[in-house]
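The values are calculated or read from the model by the stated rules, or taken from the named source; none is laboratory data. Not measured: the values here are computed from a predicted model. Heads up, the Cβs are rebuilt from the backbone with ideal geometry, glycines too, and the neighbour counts pull from every protein chain shown. The accessibility values were calculated without ligands, DNA or RNA, using every heavy atom of the protein model including side chains. Shrake-Rupley method; radii C 1.70, N 1.55, O 1.52, S 1.80 Å.
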Amino acid sequence: QIKCYIHILFITNFSLIAENPCKAIPLDFVFVIDSSRSIRSEDYEKVKTFIINLLQFLDIGHDATRVGLLQYGSVVQPEFSLNTYSSRAEVEQAVGDMEHLATGTMTGLAIQYTMETAFTEEQGARPLNMHIPRIAMIVTDGRPQDSVKEVAAEARNAGIQIFAIGVGRVDMKILKAIGSEPHSEHVHLVANFSQIETLISVFQTKLCEGSKLCEVVDHQCQHICMNVPGSYRCKCRKSFSINPDGKTCKVLDLVFVIDGSKSLGPANFELVKQFVNSIVDSLDISRTGTHVGLIQYSTKVRTEFTLGQYVTVDSIKQAVRRMEYMGRGSRTGSALRHMFESSFSSREGARPNTQRVTIVFTDGRSQDDVSEWASKAKNSGITIYALGIGKAIEQELREIASEPDEMHLYYAESFEKMGEITQKLKIPGFWCECALFYMTKKLQTLENQLLQT
């Protein structure tokens, strides 16, 4: 009767697993199974059962979780790759058909194969820019006959999250050298193969909490990990931008190029200054954060302050308020040349390996050519936003702005409608919707005050 009760309990728990599958979290998941001679045949079967039970939590399919498996002894034997099967039943059948190798324990070699072959796109792994978590689960029962520390670190640095499961007399130091951090989440040791089933509930939590994926994957985001349905993405703090690797962040050097020609007039120039300070308010300015410089141009070009001059919001805003209106011609081309040759130079405080951005503000036709120096600046890696008001020439704005135009060129018919630019302007890593709303309201208030006077 007791045996019958235990059997019924096991079947009941297993049915609960089947009825409560994972949330739809797509993964690229590779099992790496120790098949050395130290593992007895009955224990090898327990490992296969553990894998099959763990599969119940995975939504397996071509567009969902893909599963691969390799086992290793003295050599690596791939059983099936990430693109071999597209259903749980097929994977379960393949696991059940595996045969014990019963040879050596080349764990390092298996990790190297996992990194260099199993997680390649040719083998079914999805591109890194899709941010599908790459997970390797290594199950071993003994001391490896080769080195694991360096190759495991290389695999983790390549974006593979490694779970290390040790059974029996496995050295915990070796497991920690293999597994991802934090080790409390990724490294597990059980006394024998009969206890490996106790890890099922642990991995159910780790693999199925789609709303908390950032907490359980080795995301390697430099600043912020954001959970998104079925995956995650890295985000940078305010005023930083994401690098092409999708994980690390780049700080910002920003230079304003402000039209101070006579066509603006003193009142409108004050609106422009207010516009600049509203943007400054939304930036994460500090010695290690965003740096801001500003040049004003008319017939000549004048540096109001350099990138390295001020490192606080208040000091920059004070410098903008002190700026005196030049009120003469409009040589935008000369201003672009000065920006390119001087403003982003190391002597004026520009930093290496930063995102370089210029915001050019103009209200009319330039008295010199703008295309040459705009092109040189853009070709050097400087991103240019062109903001035009009133009689600004669309063709000139297009020559100045980076591509695509819809992201880098903005226009308003008059200074009274300058709020339209602040509502539309979207510069990644700069400021949020609330800051744009705040800027619009401040500009409208100042416009009303000027009209009343």
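Miscellaneous remarks
- Looking across segment 99-117, the residues that are touching a residue at least 60 places away in the same chain (Cβ under 8 Å) and farther than 13 Å from residue 138 by Cα come down to 100, 101, 102, 103, 104.
- Which numbered condition residue 109 misses (of (1) hydrophobic (A, V, I, L, M, F, W, C); (2) part of a helix (DSSP H, G or I); (3) under 29 Å from the mean Cα position of the chain (by Cα)): (3)
- Check on residue 70, in the same structural domain as residue 166 (by the TED database), hydrophobic (A, V, I, L, M, F, W, C), open to solvent by 10 Å² or more (accessible area, probe 1.4 Å) and more than 14 Å from residue 27 (Cα to Cα): no
- If the condition is being modelled with pLDDT under 65 and within 31 Å of the chain's Cα centre (by Cα), then segment 383-420 contributes only 420.
- Against the test of being among the basic types (Lys, Arg), over 25 Å from residue 46 (Cβ atoms) and modelled with pLDDT under 90, the options 212, 206 yield a single qualifying residue, 212.
- Residue in segment 115-122 that is under 27 Å from residue 198 (Cα atoms) and not small (Gly, Ala, Ser) present: no
- Close contacts from segment 297-326, counting a first residue that is at pLDDT 95 or above and charged (D, E, K, R) and a second that is open to solvent by less than 40 Å² (accessible area, probe 1.4 Å) and in a helix (DSSP H, G or I), with Cβ to Cβ under 6 Å and a gap of 6+ residues or different chains, come to 317/277; 317/280.
- For residue 114, the stated conditions hold: it is surrounded by 21 or more Cβ atoms within 10 Å (Cβ to Cβ), part of a helix (DSSP H, G or I) and polar (S, T, N, Q).
- Residue 47 more than 26 Å from residue 198 (Cβ to Cβ) and over 33 Å from the mean Cα position of the chain (by Cα): no
- Hey, residue 396 touching a helix residue (DSSP H, G or I) at 6+ places or on another chain (Cβ under 8 Å) and not in a loop (DSSP other than H, G, I, E, B) or not: yes
- Considering (1) open to solvent by 20 Å² or more (accessible area, probe 1.4 Å); (2) under 25 Å from the mean Cα position of the chain (by Cα); (3) at pLDDT 90 or above, the lone condition that residue 129 does not fulfil carries the number (3).
- Just one of (1) at pLDDT below 95; (2) of a type outside the set (Lys, Arg); (3) under 35 Å from the mean Cα position of the chain (by Cα) fails for residue 366. It is (3).
- Qualifying positions in segment 355-365 - basic (Lys, Arg) and buried (at least 16 other Cβ atoms within 10 Å of the Cβ): 356
- Any chance residue 323 is of a type outside the set (S, T, N, Q) and either out of contact with any strand residue (DSSP E or B) (no Cβ under 8 Å at 6 or more places or on another chain) or over 28 Å from residue 405 (Cβ atoms) (or both): yes
- Listed by first and then second residue, the pairs linking a residue in segment 327-347 that is in the same structural domain as residue 399 (by the TED database) to a residue that is part of a helix (DSSP H, G or I) and open to solvent by less than 20 Å² (accessible area, probe 1.4 Å), with Cβ atoms under 6 Å apart and 6 or more places separating them unless they lie on different chains, are 336/374; 340/377.
- Residue within segment 382-393 that is assigned to a loop (DSSP other than H, G, I, E, B) and under 23 Å from residue 243 (Cα atoms) present: yes
- Tally, over segment 57-78, of residues that are in contact (Cβ under 8 Å) with a residue 40 or more places away in the chain and more than 25 Å from residue 146 (Cβ to Cβ): 5
- Filtered by the rule that a residue be part of a strand (DSSP E or B) and among the charged types (D, E, K, R), segment 355-381 gives a lone residue, 356.
- Residue within segment 158-169 that is in contact (Cβ under 8 Å) with a residue 40 or more places away in the chain and touching a His at 6+ places or on another chain (Cβ under 6 Å) present: yes
- Residues that are over 18 Å from residue 108 (Cβ atoms), among the hydrophobic types (A, V, I, L, M, F, W, C) and either not in a helix (DSSP H, G or I) or not assigned by the TED database to the domain that holds residue 117 (or both), drawn from segment 145-204: 167, 189, 190, 191
- Number of the exception - residue 89 against (1) under 25 Å from residue 178 (Cβ atoms); (2) surrounded by fewer than 17 Cβ atoms within 10 Å (Cβ to Cβ): (1)
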